[in-house]
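Colleague: Sharing a structure, written as structure tokens. Questions coming.
The values are calculated or read from the model by the stated rules, or taken from the named source; none is laboratory data. Note that the structure is a prediction, hence the values are computed from the model and not measured. Note that each Cβ is placed from the backbone with ideal geometry, even for glycine, and that neighbours are counted across all protein chains shown.
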Amino acid sequence: MIDDFAAQFNVGFNILGYLLSTVQFGFIIGTLTFALFTLVDRFSPSKVFMISAILGALCNIALLIPNITVLNVLTARFGTGFFLAGIYPVGMKIASDYYKDGLGKALGYLVGALVLGTALPHLLKELSWNSDYKVVIQSTSLLALIGGLLIYFCIPNGPYRKPVSKLQLGVITELFGIISFRKAAFGYFGHMWELYAFWGFVPVLLKTYVENHRIGIPISFWSFIIIAIGFISCVIGGYISLKTGSRKVARYSLIISGLFCLLSPLLFQLPPEIFLGLLCFWGMVVIADSPQFSTMVAGAAPPELRGTGLTIVNCIGFAITIISIQLLSYLVNAIDPMFVFLFLGIGPIIGLYASRK
């Protein structure tokens, strides 16, 4: 859909790349702003969520303004990413206000929903869903508006919320001064180095296998399956964490996904059935640690700073994804694509070392 939208602009650069990257940049700046001013902990999370959803929807629908300029388009995309910072991390904050115990299970469902949303475009492409991009923009904006209103009117402040009464500009330094918070955060950073680069390059991985073996595999369909199956592992990992604790689930998931990175060249030598089966398993373990690391971050932060802690960790984590994605983008043209996933192992190795006891 975004390809069709980008096609209406006649410019001398790759506007599609800018349309995608400005959202991510907006999210990073947004999470940094929310964290620096402790907005989620000073004000009602449900209200912050609603306002962010409404403003994000307005930025999104602004793309349909007649004769809109490229500068205004990029500004609107930046705004959409900025206000997403008041949705995803705030959603985790709301969950943490409702669950003193069992937060790992609750975040398992929340991150699982994110996984399905990430995988959905691959399914739509496979099904050749060619609706007008204007309808897509209108419907997603409307859904964002409805979602924000539902959160505000249906989900009041949780029983375990402890608001901050005043602005605390030194809160980020204070949070990273807590050893358990720092260890959980760096474990999450190692996980993020691998996650979005893996998701982004699953089609490249499949295409390389197809070219090497000269066989036919529906790439979009299997990209959807490999990413979407992570929903199951997020939910299962959440239930397991109730018995074993979030740390074990997170570390074992990171160990296994790290091994997949280091052994990835060998996958290309396997028969199609085993290759696809192992990729699905990799798709499960690569995300299963995400809700558990977030649970550890929330548990290590003081209750009154939980929202800010989750937000700043998200900010740094998503900034790291830009580096790993750009690295793979360069390497896939510089070396044999079979070997580029080796470099994703850097993240799990660092994350495991940083989050050790």
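Colleague: Being within 18 Å of P337 (Cα to Cα) and surrounded by fewer than 22 Cβ atoms within 10 Å (Cβ to Cβ) is the requirement here; does L242 meet it?
Modeller: no
Here's the yes/no breakdown for (1) among the aromatic types (F, W, Y); (2) surrounded by fewer than 18 Cβ atoms within 10 Å (Cβ to Cβ):
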site: L19; (1), (2): no, no
site: Q24; (1), (2): no, no
site: I29; (1), (2): no, yes
site: T33; (1), (2): no, yes
site: R42; (1), (2): no, yes
site: F49; (1), (2): yes, no
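Colleague: A further question follows. Restricting attention to the stretch 265-310, which residues are crowded, with 22+ Cβ neighbours inside 10 Å and either at positive phi or outside any helix (DSSP H, G or I) (or both)?
Modeller: The answer is D289, A301.
Colleague: Quick one: which of V340, V313, V332 is within 17 Å of the chain's Cα centre (by Cα) and in a helix (DSSP H, G or I)?
Modeller: When all the criteria are applied, what remains is V313.
Colleague: Are there any pairs, at least 6 apart or on different chains, whose C-beta atoms fall under 6 Å, with the first in the stretch 267-296 and charged (D, E, K, R) and the second at pLDDT 95 or above, and if so, which?
Modeller: Every condition considered, the pairs that remain are D289/H191; D289/A250; D289/S253; D289/L254.
Colleague: Kindly indicate which of A119, A85 is surrounded by fewer than 24 Cβ atoms within 10 Å (Cβ to Cβ) and either free of Cβ contacts under 8 Å to residues at least 12 places away in the same chain or not acidic (D, E) (or both).
Modeller: Checking each option against the conditions leaves just A119.
Colleague: Going by what's in this entry, would L74 be described as more than 20 Å from G299 (Cα to Cα), under 17 Å from the mean Cα position of the chain (by Cα) and among the hydrophobic types (A, V, I, L, M, F, W, C)?
Modeller: Spelling it out, it is not the case that L74 is more than 20 Å from G299 (Cα to Cα), under 17 Å from the mean Cα position of the chain (by Cα) and among the hydrophobic types (A, V, I, L, M, F, W, C).
Colleague: Applying the selection to the stretch 239-294, what residues are in contact with a Lys or Arg (Cβ under 9 Å, 6 or more places away or on another chain) and of a type in the set (G, A, S)?
Modeller: S241
Colleague: Residue pairs, Cβ under 9 Å, 6 or more apart or interchain, first in the stretch 42-62 and over 21 Å from L74 (Cβ atoms), second among the acidic types (D, E) and part of a helix (DSSP H, G or I). List them.
Modeller: P45/D97
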